[in-house]
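Participant: Before I ask anything, here is the structure I am working with.
Values quoted throughout were computed directly from the atomic coordinates according to the rules given, and no laboratory measurement underlies them. Quick caveat: nothing in here was measured; it's all calculated off a predicted structure. Cβ: placed from backbone, ideal geometry, glycine included. Neighbour counts: every protein chain shown.
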Amino acid sequence: MKLAIIGKIFDGEKIIDRGTVLVEDNSISRIEEGIEKREENVIEGDFIMPGLIDAHLHFFGVEEDNLLAWNVVDEIDVAIRSTRDMERLLRSGFTTVRDLGSKVAVRLDKLQRNGEIIGPTVIASGYSLAITGGNDDPKDLPIDIAQRLSYSFYCDSPYECRKAVRMAIRQGARVIKVYSSGAFSQGGKIMPGFALDELKAIVEESHRFGLKVASHAYGKEAIMNSILAGVDTIEHGLGLDEETAELIKEKGICYIPTLATYEIPFEVSPEVKPYREELVRKHFSDDMKIAVNYGLKIATGTDYVGSKKRSHGQNYREAVLLSKYMSNLEVLKASTANSAECIDVKAGYLKEGYKADIVVIKGDPSKNIEDLSPNHIMYVIKDGKIFRGYGNYQT
Ligand SMILES: [Zn+2]
């Protein structure tokens, strides 16, 4: 395939007011300023940019947003709905996503790479790693049934956790996801997750196999333990403060605040509700201010699971929410180049030699960030093919 895409360009770093992206087969051969007459197939759009990245989502294939549903949902339904979600993500402009815990994502990754299904590149963790009785353990069920249904390997002690890392690698993991904290326990406290010695073992074992570690962390203790253990990305990161921000910056860890998930109500017990709301309120004010002030590398992740409320396809919401704290150009960088670097894939730029993962947009998200919404996505170029975006369907 030889293709010339013309329009205003964002190349992952800067804006080119009018230029041409030349694509040959599946890669970008050149970027030219200005527009010349061409022999190749030409696509013209208002705004051309690298494919969007969601660095934190889950292919849960569920309808409802609750812990029991996530675990007991029929696995065939999960596979069918997730295949649908892959297409939705692609036609909404997402060319790379990272799944941090699900039953199907390593399979989606494999089938997508084989060209058997359409969708973004998937960087999958396989099962996540969690403590027994931890965050996503449906504790009303007997432990053997809970473990059987879970999308996490429960491990306790450094030895078991090294084995759990190897189990995830055996599944086909390309990243390791770990719960450094739980969410909330009765009484409103944040539940502890892994202890520091367990986290250190997980990180060491993952890095030995060349995999990055993504750490779910609520609260200062979990964030600090994640930093000390040497994780690569802090997920959610509620309860960031100056001390942890400074260390995150110093160690070059990425911060993925997953704001999109917190703008949607989540059912919790009345006892927990006020504590959760306060922590979330602070996340949107203090945490984000500190993250931006310290110049943390922020990546876009939604924590959407593919339910009715957190549905794949609406993942541009993270960019919209981030735009309250940074310029649109910085949000575009976070959504592409930064996210690619944080999840360790060669993507997120329109540059010679990069894969041609490209979105053609109607409108100009450098001026109006809402123009990243699905109804503005005209074309998505991925794996040497041109797909119609949701902005390009007759209704
Ligand atoms: Zn998550």
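Participant: What list of ³J(HN,Hα) couplings, whole Hz, do you get for segment 33-40 from phi and the Karplus terms 6.51, -1.76, 1.60, once you set θ to phi - 60° and write x for glycine and proline?
Facilitator: Values, residue by residue: 6, x, 10, 10, 5, 10, 7, 5 Hz.
Participant: Calculate for the chain the 222 nm mean residue ellipticity that helices alone would give, adding -39,500 (n - 2.57) per DSSP H run of length 4 or more and normalising by residue count, nearest 500 deg cm²/dmol.
Facilitator: On the way: 14 runs with 123 residues, N = 395.
Dividing the helical sum by the residues of the chain leaves -8500 deg cm²/dmol.
Participant: Please give me, ordered by residue number, the chymotrypsin sites (Phe, Trp or Tyr not before Pro) of segment 165-226 that lie in loop per DSSP and have at most 14 other Cβ atoms within 10 Å.
Facilitator: Details: sites: Y179, F184, F194, F209, Y218; in loops: F194, F209.
Loop-located and lightly packed - F209.
Participant: For the pairs K110/K324; K297/K362; K251/K346; K2/K362; K110/K289, note any where the Cα-Cα span goes beyond 30 Å.
Facilitator: Long pairs (Cα-Cα over 30 Å): K110/K324; K110/K289.
Participant: Also, I was wondering about something else. Enter the angle in degrees (range 0 to 90, nearest 10) between the Cα long axis of helix 75-91 and the first principal axis of the Cα atoms of the chain, meaning the one along which they spread out most.
Facilitator: 40 degrees
Participant: Another question, if that's okay. With the crude spin-label approximation of a point 7 Å out along Cα→Cβ, what separation in nm comes out for N375 versus Q147?
Facilitator: It is 5.0 nm.
Participant: Something else now. Using the beta-carbon distance between I35 and E204 and R0 = 35 Å, what value does 1/(1 + (r/R0)^6) give for FRET efficiency, to the nearest 0.05?
Facilitator: Numbers: r = 52 Å, r/R0 = 1.48.
Efficiency at R0 = 35 Å is approximately 0.10.
Participant: Mind listing the phi-derived Karplus ³J(HN,Hα) values for segment 170-177, rounded to whole Hz, using 6.51, -1.76 and 1.60 with θ = phi - 60°, and x for any glycine or proline?
Facilitator: 4, 5, x, 5, 10, 7, 10, 10
Participant: Counting only GluC sites (Glu not before Pro) that sit in a DSSP loop (anything but H, G, I, E, B) with at most 15 other Cβ atoms within 10 Å, what is the longest stretch of the chain containing none of them?
Facilitator: 117-262
Participant: Most fluctuating residue of K324, K297, K333 in a GNM of the chain with Cα springs under 10 Å: which is it?
Facilitator: Of K324, K297, K333, the most mobile in the Gaussian network model is K324.
Participant: A follow-up question, please. Using modelled backbone amide H atoms (1.01 Å from N, in-plane), which distant-in-sequence or interchain residues come within less than 5 Å of T258's amide H?
Facilitator: Residues meeting the amide H criterion: H236, G301.
Participant: Given Cα pairs under 8 Å that are at least 6 residues apart, what percent is the relative contact order of the chain?
Facilitator: Working: 953 pairs, mean separation 80.4, N = 395.
Here the relative contact order equals 20 percent.
Participant: Any idea what angle helix 273-282 forms with the longest principal axis of the chain, computed on alpha-carbon atoms, 0 to 90 degrees, nearest 10?
Facilitator: Between helix and principal axis, roughly 40 degrees.
Participant: Restricting to DSSP loop positions (anything but H, G, I, E, B) with no more than 12 other Cβ atoms inside 10 Å of their own Cβ, which trypsin sites (Lys or Arg not before Pro) remain in segment 18-104? Can you show the working numbers first?
Facilitator: Working: sites: R18, R30, K37, R38, R81, R84, R88, R91, R98, K103; in loops: K37, R38, K103.
In loop regions of segment 18-104 (DSSP not H, G, I, E or B), the sparsely surrounded trypsin sites (Lys or Arg not before Pro) are K37.
Participant: So for the chain: antiparallel DSSP bridges make up what percent, rounded to the nearest 5? Provide the component values of the computation, followed by the final result.
Facilitator: On the way: 29 of 62 bridges.
Percent antiparallel among DSSP bridges in the chain is about 45.
Participant: Quick check: Cα centre of segment 1-58 to Cα centre of segment 309-327, how many Å?
Facilitator: Centre-to-centre (Cα) distance: 23 Å.
Participant: Let me ask you something else. What are the ³J(HN,Hα) values, in whole Hz, obtained from phi via the Karplus relation 6.51 cos²θ - 1.76 cosθ + 1.60 with θ = phi - 60°, for each residue of segment 321-337 in sequence order, with x given for Gly and Pro?
Facilitator: 5, 5, 5, 6, 10, 8, 5, 4, 4, 5, 5, 5, 5, 4, 6, 10, 4
Participant: Taking a ≥ b ≥ c as the square roots of the eigenvalues of the Cα gyration tensor of segment 52-315, is the shape rounded (a/c under 1.5), prolate (a/b larger than b/c) or oblate?
Facilitator: Working: a/c = 1.24, a/b = 1.20, b/c = 1.03.
In terms of gyration-tensor shape, rounded.
Participant: Turning to a different aspect of this structure: Could you state the number of Å between the C-alpha centres of segment 342-395 and segment 168-204?
Facilitator: Segment 168-204 and segment 342-395 have Cα centres separated by 33 Å.
Participant: Given an 8 Å cut-off on Cα distances and at least 6 residues of separation, report the relative contact order of segment 32-91 as a percent.
Facilitator: Working: 20 pairs, mean separation 16.1, N = 60.
The value is 27 percent.
Participant: Same structure, new question: Taking 0.36 nm per residue of sequence separation and subtracting the Cα-Cα distance, how much length would be gained by fully extending the chain between Y393 and K14, in nm to one decimal?
Facilitator: Details: separation 379, 0.36 × 379 = 136.44 nm, distance 2.98 nm.
Result for the pair: 133.5 nm of gain on full extension.
Participant: Can you give the FRET efficiency for N26 and K308, using 1/(1 + (r/R0)^6), R0 = 51 Å, r = Cβ-Cβ distance, to the nearest 0.05?
Facilitator: E(calc), rounded to 0.05, equals 0.90.
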